[in-house]
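The values are calculated or read from the model by the stated rules, or taken from the named source; none is laboratory data. Since we're looking at a predicted model, the values are computed, not measured. In this analysis, Cβ positions are derived from the backbone assuming ideal geometry, glycine residues included, and neighbour counts consider all displayed protein chains. Please note that ligands, DNA and RNA were not included when accessible areas were found on the heavy atoms of the full protein model with its side chains. Shrake-Rupley method; radii C 1.70, N 1.55, O 1.52, S 1.80 Å.
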Amino acid sequence: MAGARAAIRYAKALLSLASDQKAADAVNKDMKLIANTIAESKDLSEALQSPVIPSSTKKAILLDIFKQSNKMTLSLMDTLISNNRIDILGHIASKYNQLFDESKGIELATVTTAIALTEDLEKKVLAKAKELTGKNVVVKNIIDESILGGFILRIGDVQYNASVANQLNKLKREFTLN
């Protein structure tokens, strides 16, 4: 991914500055909105990546969409535009969220299921994930019907696959090997 190292540097600098000025929570909220908006809007993502669209137009677009943002977030946008790095804004926002969560001791657990998690099941997953990691955990549910049933739990680098599709594949491998 082009600009990944630069995105990490900008995110670290922004987190440090925001923490010093007691605005880290507000900036985190802005960064979540920015990351989600850019990820969900193909047009916005392409506009930010386009070398044809002038920086002034990109700035106007961003200020129109994110006009309620914190002054630090707006300052970051200005800095990125002046340094011709506005194309990595989405990556910076994602990295900032990740670094912010790490600084607060929050771990992201991704649970992939065939159907949406119920509230009761989500509480059980949260409890188990907290027991395993010893950290506060935030659960993100991804729905993937191809796993047929069960779940895939991913916390950091650790993955536990209890999906029906995985179990069927194991059986298939056992029968083909014997």
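Protection proxy ranking, highest mean first, for peptides 87-93, 132-138: 87-93, 132-138, where packing is the per-residue count of other beta-carbon atoms within 10 Å, averaged. Here is the link list: 104/130; 32/59; 12/135; 140/172; 135/170. Which ones come out longer than 25 Å on Cα distance? Beyond 25 Å: 140/172; 135/170.
So what is the calculated 222 nm ellipticity per residue for the chain, using -39500 (n - 2.57) for each DSSP H run with n of 4 or more, over all residues, to the nearest 500 deg cm²/dmol?
On the way: 8 runs with 109 residues, N = 178.
One gets -19500 deg cm²/dmol as the mean residue ellipticity at 222 nm.
Just the accessible area per residue of the stretch 35-153, please: how many Å² with a 1.4 Å probe? Roughly 59 Å² per residue, with all protein chains present.
With the full set of protein chains in place, find how many percent of the accessible area of the chain is carbon and sulfur; take the probe as 1.4 Å. Mind showing how you got there, number by number?
Working: 6110 of 11370 Å².
Looking at the chain in its full context, I get 54 percent from C and S.
Mind running the shape call on the stretch 107-178? Use the C-alpha gyration tensor, a ≥ b ≥ c as the square roots of the eigenvalues: rounded below 1.5 for a/c, prolate if a/b tops b/c, oblate otherwise. In terms of gyration-tensor shape, prolate. Close amide-amide hydrogen proximity is noted between residue 142 and 111, 112, 113, each under 5 Å apart and 5 or more residues distant or on a separate chain (H modeled in the peptide plane; Pro and chain starts excluded). Note on the chain: Cα-only Rg and Dmax are 20.0, 66 Å.
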